[in-house]
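Visitor: Structure below; questions to follow.
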Amino acid sequence: MFGYVKIYKPELKIKEYEAYKGIYCTLCKEMQKEYGFLSRFLLSYDGAFYVMYKLGLSSENISVSKSCCSFNPCKKCFKITTKGDVYKNACAITVILAYFKLVDNINDSSFFKKVLFYFIYPYFNYLVKKARKKYPDIFSIVEAGMNEQFSLEKTDEISIDKAAHPTASILSMLFSYGESCETFDSAGQFGYHLGRVVYFLDAFDDYEKDIKTKSFNPFRNCNDVTETAIHTINMSAGTLVDIFKTQKFNNFSSIINNIICDGLDFQTEKIIKKYRGDACE
């Protein structure tokens, strides 16, 4: 999810922040268990948000216990666990998305960067084969969407909405994955519009770099990139919030609200400031 789905810490209560960190730390430990120590460096807060969202909708019991950070044994953290497979699914999603991101980088990079990416490719290939064997359905979802995304980005004329559709569809299917009939549709809609937001944030963030390298960017033909990007992001974010308000969460609703309202808004402002050359707070 590109690394934009994060909390806005100044608006979180201490207990909410500790719960958020607890999910991240638990996911970190699960990554090591599933894919080895080095795989933990692929972990992002996007994965923690996915776990939090799924646990929030779930009626399963959640256990909270104290634990120690594997990187710093002197540091205490919370371990937030459940009997379901949400952490394992999030680990697989993290590995598979990282693999396809690497493939995209190889396709779009200069010669010297390609050499670097090819150097680490065998490790990513090893991880994704392991994830594919364990979770073939999750791999198929991401593979189909990413192949469609790669194909669309080779097209000269493509609308902004059409460009975002494959990524949005991937997140739609991942967020609805494993949900009951009661929550399946709304979780899919939530994932779809979250996918649109992060796709447009990433495109806006990379706009100047993509223009210099002549890489694909959905905003490349816009007369006013900033205005178009902000309008597009805000429209999708507004729909995302509207869907969130109709959903019933058993846990973590205030943290999820913080992320999709304050967090995404903060990320948008950071990119605007960077694009305009302003200093970010």
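The numbers here are math on the coordinates, done by the rules we state, and not lab data. Values in this document were obtained by computation on a predicted structure and should not be read as measured data. Every residue, glycine among them, receives a Cβ derived from its backbone with ideal geometry; neighbour counts consider all protein chains shown.
Visitor: Decide, for segment 141-208, between rounded, prolate and oblate: order the square roots of the alpha carbon gyration tensor eigenvalues as a ≥ b ≥ c, take rounded if a/c falls under 1.5, and otherwise choose prolate if a/b is larger than b/c, else oblate.
Guide: Prolate, because a/c is 1.5 or more and a/b exceeds b/c.
Visitor: 222 nm [θ] for the chain, helices only, -39500 (n - 2.57) per DSSP H run of 4+, per residue, to 500?
Guide: One gets -22000 deg cm²/dmol as the mean residue ellipticity at 222 nm.
Visitor: Now a separate question. Based on the alpha-carbon gyration tensor of segment 36-177 and its eigenvalue square roots a ≥ b ≥ c, which shape applies: rounded if a/c is under 1.5, prolate if not and a/b is larger than b/c, or oblate?
Guide: It is oblate, given that a/c is not under 1.5 and a/b is not larger than b/c.
Visitor: Also: If packing is taken as the mean number of other Cβ atoms within 10 Å per residue, what is the order of 223-235, 26-38, highest first?
Guide: Result, highest mean first: 26-38, 223-235.
Visitor: A further question follows. With r as the distance between the Cβ atoms of LYS212 and SER180 and R0 = 51 Å, compute the FRET efficiency 1/(1 + (r/R0)^6) and round to 0.05.
Guide: The computed FRET efficiency comes out at 0.60.
Visitor: From the Cα gyration tensor of segment 128-281, with a ≥ b ≥ c the square roots of its eigenvalues, which class applies: rounded if a/c is under 1.5, or else prolate if a/b is larger than b/c, or else oblate?
Guide: Judged from the Cα gyration tensor, segment 128-281 comes out oblate (a/c at least 1.5, b/c at or above a/b).
Visitor: With +1 assigned to the C-beta of every Lys and Arg and -1 to the C-beta of every Asp and Glu, and no other charges, what is the dipole magnitude of segment 41-150 about the Cα centre in debye, to the nearest 20?
Guide: 600 debye
Visitor: Do the alpha carbons of any pairs in LYS54/LYS79; LYS130/LYS212; LYS13/LYS101; LYS133/LYS209; LYS29/LYS270; LYS129/LYS270 sit beyond 25 Å of each other, and which pairs?
Guide: LYS130/LYS212; LYS13/LYS101; LYS133/LYS209; LYS29/LYS270; LYS129/LYS270
Visitor: Could you let me know the centre-to-centre spacing of segment 61-90 and segment 1-39, using Cα atoms, in angstrom?
Guide: 10 Å
Visitor: Would you list, by chain and number, the aspartates and glutamates whose Cα falls below 15 Å from the Cα of LYS248, excluding same-chain residues fewer than 8 positions away?
Guide: Cα-Cα hits under 15 Å: GLU60, GLU179, GLU182, ASP185.
Visitor: Let me check the size of segment 238-281 from its C-alpha atoms; what are the radius of gyration and Dmax in Å?
Guide: In Å, with Rg to one decimal and Dmax whole: 13.6, 42.
Visitor: Which peptide among 9-20, 159-170 comes first, and what is the full order, when sorted by highest mean count of other Cβ atoms within 10 Å?
Guide: In decreasing order of mean packing, 9-20, 159-170 become 159-170, 9-20.
Visitor: For the charge dipole of segment 1-129, defined by +1 on Lys and Arg C-beta atoms and -1 on Asp and Glu C-beta atoms about the Cα centroid, which residue among CYS91, TYR20, PRO122 has the Cα displaced farthest towards the positive pole?
Guide: Value computed over the given set: TYR20.
Visitor: Something else now. So between ASN105 and GLU16, what do we pick up on full extension, going 0.36 nm a residue minus the alpha carbon distance?
Guide: Value of the extension gain: 28.5 nm.
Visitor: For segment 9-276, take the convex hull of the Cα atoms, compute a quarter of its surface area, and give me that in nm², please.
Guide: Answer in nm², one decimal: 14.9.
Visitor: Translational diffusion coefficient of segment 193-281 at 37 °C, 0.692 mPa s, Stokes-Einstein with Kirkwood Rh over Cα pairs, in µm²/s as a whole number.
Guide: The Stokes-Einstein estimate is 234 µm²/s.
Visitor: Hey, got the dipole for segment 9-276? About the Cα centre, +1 on K and R Cβ, -1 on D and E Cβ, debye to the nearest 20?
Guide: 1400 debye
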